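One structure is given below, encoded as structure tokens.
The values are calculated or read from the model by the stated rules, or taken from the named source; none is laboratory data. Bear in mind that the values here come from a model prediction, so they are computed numbers and not experimental data. Backbone-built Cβ (ideal geometry, glycine too); neighbour counts: all protein chains shown.
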Amino acid sequence: MRRARVALRRRWRRRTAPTATVIAPPALVAIGAAGVLGLGGLGWMARQLIASATGAEGSPSLLEILQEVRQAPMAPASGRRQAPPPPQGHVWRSPLRPSCAPAPAALRQRLENRLAVLQNNPQRVQIDPSNFGSRFDHDAFGNPVDPTPKVVVLHETVYGIGSALNTFVTPHPNDDDQVSYHTLIGGDGAVINTVDPSQRAFGAGNSAFNGLWVITNPKVSGSVNNFALHLSLETPLDGEDDGPGHSGYSSAQYDAMAVVLTDWMRRFDFPPQNITTHRYVDLGGERADPRSFDWRALEVRLAALGMLCPSR
Ligand SMILES: [Zn+2]
């Protein structure tokens with residue numbers, strides 16, 4: 001997160017404004033003006049801009065659910081080479097506790113309503129193709145790998161959501177500059193999809209989850225991107241710095257996050273224990289996001305949606 005912020009500052013200084021299109025049914029809303037924002041007024045102006053472009057929110061329409069294919073053993077076969085394994089002994093311990101207790105009716109109804117909106121009224125932003133790619137079914141060494149999404153990596157934007165979108169719609173020919181998340185959640189709870197879950201977002205660099213990564217480029221180390229879904233929360237205004245924390249995320253953001261995660265877990269059939277953070281998967285020890293994250297706020301909402309009951 002911190003290094004990315006520095007990189008973003010440099011890009012804003014040298015690049016011209018891109019043109020973005022928000023597909024917001026029923027209207028197409030241009031937000032290219034976000035690109036003309038300088039560093040100075042970027043914070044609230046970008047927020048205002050995206051706020052005006054977002055109303056209803058939702059998930060992508062029907063996805064082609066990827067077939068459940070178990071990952072083949074990594075033993076080298078003819079014409080293949082053994083892929084270097086990620087560092088071991090780095091086990092994720094989810095803060096989410098199992099719960100089958102009945103949820104307060106009002107909370108459950110509120111979240112169920114949001115889930116229906118999410119699924120019926122998707123909000124998408126078309127980003128530049130240089131910032132995402134296809135999921136691979138073989139690694140760079142010819143070994144079959146399972147491209148089915150099975151891990152969610154949580155992030156925060158540090159700057160306003162308009163700043164992140166401006167970066168994503170900007171063409172980035174250099175690998176080091178390419179970045180994206182599947183979904184962004186604004187401070188007001190707006191859900192904005194930028195990369196379809198069937199595609200590979202570039203949300204993490206050198207990274208692994210419970211001893212698993214996929215090397216798709218033999219010149220660089222492995223990453224979780226091939227099997228990850230990346231979800232980023234808009235950072236509050238008092239978090240636009242290098243500090244260790246900020247005032248936290250809004251109740252509307254936790255509501256929206258819970259329904260996005262529920263939608264993904266149901267579609268791709270992975271457990272809530274596979275919801276993790278950029279801080280955890282990052283192997284460089286340089287990413288700290290999302291800061292000031294309240295796992296209990298997420299837990300109570302996932303429980304209300306029945307997602308933390310092991311027998312679901
Ligand atoms: Zn991150």
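Details
- On the stretch given as the stretch 121-138, residues that are modelled with pLDDT under 95, touching a strand residue (DSSP E or B) at 6+ places or on another chain (Cβ under 7 Å) and among the charged types (D, E, K, R) total 1.
- Of the residues making up the stretch 148-175, just one is among the acidic types (Asp, Glu) and either crowded, with 24+ Cβ neighbours inside 10 Å or within 15 Å of the ligand (Cβ to nearest atom) (or both), namely Glu156.
- Looking only at the stretch 267-294, and only at residues there that are closer than 18 Å to Thr157 by Cα and in a helix (DSSP H, G or I), the one that is farthest from the ligand (Cβ to nearest atom): Tyr280
- For Leu96, the conditions (1) part of a loop (DSSP other than H, G, I, E, B); (2) modelled with pLDDT of 95 or more; (3) more than 30 Å from Ser223 (Cα to Cα) are fulfilled apart from (3).
- Of all residues in the stretch 109-125, none are within 13 Å of Val214 (Cα to Cα), away from the ligand (no atom under 16 Å from the Cβ) and either surrounded by fewer than 21 Cβ atoms within 10 Å (Cβ to Cβ) or touching a residue at least 60 places away in the same chain (Cβ under 8 Å) (or both).
- Within the stretch 134-147, the residues that satisfy the criterion of being part of a loop (DSSP other than H, G, I, E, B) and either within 16 Å of the ligand (Cβ to nearest atom) or not acidic (Asp, Glu) (or both) are Arg135, Phe136, Ala140, Phe141, Gly142, Asn143, Val145, Pro147.
- Of all residues in the stretch 175-217, exactly one satisfies the criterion of being of a type in the set (Ser, Thr, Tyr), closer than 24 Å to Gln82 by Cβ and assigned to a strand (DSSP E or B), namely Ser207.
- One residue stands out in the stretch 218-235 among those that are within 16 Å of the ligand (Cβ to nearest atom) and part of a loop (DSSP other than H, G, I, E, B): the one that is nearest to Asp282 (Cα to Cα), namely Val224.
- Residues in the stretch 295-305 that are aliphatic (A, V, I, L, M) and more than 16 Å from the chain's Cα centre (by Cα) were compared, and the one that is nearest to the ligand (Cβ to nearest atom) is Ala297.
- Condition check for Asp263: assigned to a helix (DSSP H, G or I) and either within 27 Å of Gln123 (Cβ to Cβ) or in contact with a strand residue (DSSP E or B) (Cβ under 7 Å, 6 or more places away or on another chain) (or both): yes
- Filtered residues of the stretch 214-232 (kept if touching an Asp or Glu at 6+ places or on another chain (Cβ under 7 Å) and either modelled with pLDDT of 95 or more or basic (Lys, Arg) (or both)): Val214, Ile215, Phe227, Ser232
- Pairs with Cβ under 8 Å, 6+ apart, first in the stretch 269-290 and without any contact (Cβ under 8 Å) to a residue 24 or more places away in the chain, second within 11 Å of the ligand (Cβ to nearest atom) and not aliphatic (A, V, I, L, M): Arg279/Arg287; Arg279/Asp289; Arg279/Pro290
- Of all residues in the stretch 148-174, those satisfying the criterion of being of a type in the set (S, T, N, Q) and assigned to a loop (DSSP other than H, G, I, E, B) are Thr148, Thr157, Thr170, Asn174.
- Residue count for the stretch 238-259, restricted to those that are within 16 Å of the ligand (Cβ to nearest atom) and either under 23 Å from Phe227 (Cα atoms) or among the hydroxyl-bearing types (Ser, Thr, Tyr) (or both): 2
- Close Cβ contacts (under 6 Å, 6 or more residues apart or on different chains) running from residues in the stretch 218-236 that are farther than 20 Å from Pro271 by Cβ and among the hydrophobic types (A, V, I, L, M, F, W, C) to residues that are away from the ligand (no atom under 13 Å from the Cβ) and in a loop (DSSP other than H, G, I, E, B) comprise Leu233/Tyr249.
- Total residues in the stretch 202-212 satisfying the condition of being away from the ligand (no atom under 16 Å from the Cβ) and touching a helix residue (DSSP H, G or I) at 6+ places or on another chain (Cβ under 9 Å): the figure is 2.
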